[in-house]
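What follows is a set of notes on a single structure, which appears directly below.
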Amino acid sequence: MKTIIRTIDQNNIEKAAIQEAGRILQEGGLVAFPTETVYGLGADALNEEAAVKTYEAKGRPSDNPLIVHIAEFSALPKIVEEIPPLAEALAEHFWPGPLTMIFKKRAVVPYGTTGGLDTVAVRMPENLIARELILAAGGYISAPSANVSGRPSPTTAEHVYTDLNGRISMILDGGSVEIGLESTILDMTVTPPMILRPGAITREMLATVLPYVAVDPSIHGEDRDTAPKAPGMKYRHYAPKAELIIVDGPAKLAVKAIRQIAYEHVSKGEVPGIIGTTETVGRYTHGIIKSIGTRNSEKSIARNLYAILRAFDEEGVSVIYSESFAAEGMGDAIMNRLEKAAGHHRVSAEEIVRMQKYHQIMFLSESDTSRGPMAAEILRNQTLNREYDIISRGLIVLFPEPVNQKAEAIMASHKLSMASYQSKMFDPDEIEADTLVLAMNMSQKQKVMSECGIEENIYTLSEFVQEEEQIGHPIGQPLSEYGKCFETIERLIKKLTQKLNEL
Ligand code: AMP
Ligand code: MG
């Protein structure tokens, strides 16, 4: 089958394209179209055979019912037995929009559409292309997400094309969707109404209309023995090709843990994928790093979630680590999809971080213009088994300065460079429980210990590697003294590398 693609502008909808798509649907064909949540795979909801085709095209188990899309509230009574007053109030508030409600079905809705159930899920989308298409198709379009079953839902027409080209008659390309996560599903056949799938209409929002909102316990994995009430929620879903692992914990800890794991992968010759945010991507050093959006806007994260999972398919990575997000408001829906995509594979950032004693190594010197930055750069060029954030700081740095020219010349003769470095003042707040502080001499160490009350994980470099030899003070001396100083530091750093690798 040749799949026709028609580009449509939501602000200037070309009627002819809608009519053509409507005709295909009325004749029992399949048309993918944009909604505000994700792209839907449309079929005539009242035609049993069309439902069969939908399942075939998606490779979807036929016990997983479809959602019926309507464009006007007046279309509802024809397909449902009764409309509870609360449902009317909800429709008033949230339709058109990303809320699906479940009702008792009338006989006109075929069992093919409802996966054999006596209930039917109904939604009125807001997207104007979707609404025009529903009207052109006769008022009732059944539409699951327009992806191959189990894959991340499509948020662009390109995603639909990748999954369904050749299997469906037409794709209406209306650009990227707004929300990016499937609708909230609310079962109105039970009292109180129960959320079967979280979405952009949150529990808090529903609670402004409903006296009480129940939540299917299987959504949060609280009740693993009971099947979810929305049949589709029991399948592994939204999954990228790579294994996805969620790293639980506050962002800062998650970054540390993911850096640690990514480094281990890279040292084994593997390239992991990393899902970070605008706020954290700059903190990662190894792996293929992508931002899912900003922590200041859950909407941005929801909108990018599926696209980012698909983007990693193209990178060919075999494992992806993702930061986790607060499960409040829309974060609930985000975490629900992420967990399903990960097959509930979660690890604790804290436990991972605890397995590595030091994460930051700080070299402490007087001015941070020669010995300290030299030590840091030499260590960065060693083969370390684990990842460390290697920094240098000075006890007396009035303003940032480039490194000493003689120190740079000696480094350059060893094919190392600190040319872009600027000295930085020591700040005790940078020291954490997993920071190893290595001073160039005893007086620097003692100063920090007595003035800042830091007692642990602070040594002189010589002391830490159990060497007698002290590092000289080359400032103001000829180049040859810098050369000697380099050799001492290099020897100590090699011992340090060995020691760190044995930890
Ligand atoms: P999708 O259109 O891909 O978002 O999938 C539709 C979702 O709605 C699936 O999770 C279905 O299990 C759920 N659903 C559809 N109809 C019903 C129904 N009558 N009762 C419970 N869940 C339903
Ligand atoms: Mg789906």
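Please go through the stretch 290-317 and pick out each residue that is in contact with a helix residue (DSSP H, G or I) (Cβ under 7 Å, 6 or more places away or on another chain), without any contact (Cβ under 8 Å) to a residue 24 or more places away in the chain and open to solvent by 20 Å² or more (accessible area, probe 1.4 Å).
LYS290, SER291, THR294 - these are the residues of the stretch 290-317 that are in contact with a helix residue (DSSP H, G or I) (Cβ under 7 Å, 6 or more places away or on another chain), without any contact (Cβ under 8 Å) to a residue 24 or more places away in the chain and open to solvent by 20 Å² or more (accessible area, probe 1.4 Å).
Can you tell me which residues in the stretch 132-154 are within 12 Å of ligand 2 (Cβ to nearest atom) and not in a strand (DSSP E or B)?
ALA143, PRO144, ALA146, ASN147, VAL148, SER149, GLY150, ARG151, PRO152, SER153, PRO154
Tell me, which residue of the stretch 110-126 that is within 10 Å of ligand 1 (Cβ to nearest atom) and open to solvent by less than 10 Å² (accessible area, probe 1.4 Å) is farthest from SER62 (Cα to Cα)?
ARG123
Do you know which residues across the stretch 158-207 are open to solvent by 50 Å² or more (accessible area, probe 1.4 Å) and either within 16 Å of ligand 2 (Cβ to nearest atom) or of a type in the set (D, E, K, R) (or both)?
Matches in the stretch 158-207: GLU158, THR162, ARG167, GLU178, ARG203, GLU204.
Out of the stretch 318-339, which residues are more than 17 Å from THR202 (Cα to Cα) and β-branched (Val, Ile, Thr)?
Across the stretch 318-339, the qualifying residues are VAL319, ILE320.
For the stretch 81-103, state whether one or more residues are open to solvent by 20 Å² or more (accessible area, probe 1.4 Å), farther than 22 Å from GLU27 by Cα, in contact (Cβ under 8 Å) with a residue 24 or more places away in the chain and within 12 Å of ligand 1 (Cβ to nearest atom).
Yes; the residues of the stretch 81-103 include at least one that is open to solvent by 20 Å² or more (accessible area, probe 1.4 Å), farther than 22 Å from GLU27 by Cα, in contact (Cβ under 8 Å) with a residue 24 or more places away in the chain and within 12 Å of ligand 1 (Cβ to nearest atom).
Among residues belonging to the stretch 416-427 that are of a type outside the set (A, V, I, L, M, F, W, C) and modelled with pLDDT under 95, point out the one that is surrounded by the fewest Cβ atoms within 10 Å (Cβ to Cβ).
For the stretch 416-427, the residue satisfying everything is SER420.
Looking only at the stretch 221-242, count how many residues are open to solvent by less than 60 Å² (accessible area, probe 1.4 Å), assigned to a loop (DSSP other than H, G, I, E, B) and either within 16 Å of ligand 2 (Cβ to nearest atom) or modelled with pLDDT of 80 or more (or both).
Within the stretch 221-242, residues that are open to solvent by less than 60 Å² (accessible area, probe 1.4 Å), assigned to a loop (DSSP other than H, G, I, E, B) and either within 16 Å of ligand 2 (Cβ to nearest atom) or modelled with pLDDT of 80 or more (or both) number 7.
Residue under question is ILE129, and the condition is that it be touching a residue at least 60 places away in the same chain (Cβ under 8 Å) and within 16 Å of ligand 2 (Cβ to nearest atom); does it hold?
Answer is no for this residue.
Go through the stretch 471-502 and give me each residue that's farther than 27 Å from GLU387 by Cα and assigned to a loop (DSSP other than H, G, I, E, B).
Matches in the stretch 471-502: GLY472, HIS473, PRO474, ILE475, GLY476, GLN477, PRO478.
The values are calculated or read from the model by the stated rules, or taken from the named source; none is laboratory data. Note that the coordinates shown come from a computational prediction; the quantities given were computed from them, not determined experimentally. Using ideal geometry, Cβ is built from the backbone for each residue, glycine included, and neighbour counts are taken over all protein chains shown. We work out accessible area using only protein heavy atoms, side chains counted, and drop any ligands, DNA or RNA first. Shrake-Rupley method; radii C 1.70, N 1.55, O 1.52, S 1.80 Å.
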